[in-house]
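A short write-up of the structure that comes next.
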Amino acid sequence: MAQDDGPHRREKAVAYVLMIDDNPQTRKYVEKIFRYRSKHELGFATTASEAVESLVQRRPNVIMLDLFIPGMDGIDFFHSIRNHPATESIPVIMHSPVELDQLTKLRLKRVRFEGFAQFPIAASELNELIATALKRNEVSTKKWVPPAV
């Protein structure tokens, strides 16, 4: 579902963000932030299989991945993204609307992602996480030019 332009948006979208989350309240909350407080375009997937389909249809600049999605554990899905050449460089912001237990926190420490959002989150904080992820993406996707010999 592509984000429509809100009344306060006049600029062209800077980046396409794919949010993978099955919680309708969280999606609605983030959609409102994007509509009124962001210059990015937002797409949704609610399951792991829908997310794969979305990734095939359009490569996002950033993925917002819920830790608990139907069809696959969020951390396992993260590993599948990182282990595929077509998606390994896409920045991922993990998120959750619930407080994390100790086991999940430990599992997250073993994963390298670009940020973590605990919902509800302030619009400014979410926009900062996305901006940071986009900057890291710019650095990692620049073509390497060998030095002149």
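The values are calculated or read from the model by the stated rules, or taken from the named source; none is laboratory data. Worth saying up front: this structure is predicted, and the values here are computed from it rather than measured. Using ideal geometry, Cβ is built from the backbone for each residue, glycine included, and neighbour counts are taken over all protein chains shown.
Would you check if D22 is modelled with pLDDT of 95 or more, surrounded by fewer than 20 Cβ atoms within 10 Å (Cβ to Cβ) and either among the acidic types (D, E) or over 20 Å from F119 (Cα atoms) (or both)? Criteria met by D22.
Within the stretch 30-77, the only residue that satisfies the criterion of being without any contact (Cβ under 8 Å) to a residue 24 or more places away in the chain and either under 18 Å from P120 (Cα atoms) or of a type in the set (K, R) (or both) is K32. With respect to (1) farther than 24 Å from E128 by Cα; (2) in contact (Cβ under 8 Å) with a residue 12 or more places away in the chain; (3) surrounded by fewer than 16 Cβ atoms within 10 Å (Cβ to Cβ); (4) under 16 Å from the mean Cα position of the chain (by Cα), the lone exception for S80 is condition (2).
Kindly indicate the residue of the stretch 122-145 that is more than 17 Å from H40 (Cα to Cα) and of a type in the set (V, I, T) and also modelled with the highest pLDDT among those meeting that condition. Looking at the filtered set, the residue picked out is V139.
Scanning the stretch 14-26 for residues that are in contact (Cβ under 8 Å) with a residue 12 or more places away in the chain and more than 19 Å from P91 (Cα to Cα) yields D22, N23, Q25, T26.
Okay, residues lined up against (1) modelled with pLDDT under 95; (2) of a type in the set (K, R):
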residue: I63; (1), (2): no, no
residue: D66; (1), (2): no, no
residue: F78; (1), (2): no, no
residue: N83; (1), (2): yes, no
residue: I93; (1), (2): no, no
residue: L106; (1), (2): yes, no
residue: K109; (1), (2): yes, yes
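The set of residues in the stretch 29-54 that are touching a Phe, Trp or Tyr at 6+ places or on another chain (Cβ under 9 Å), under 18 Å from Q118 (Cα atoms) and either hydroxyl-bearing (S, T, Y) or surrounded by fewer than 20 Cβ atoms within 10 Å (Cβ to Cβ) (or both) comprises Y29, E31.
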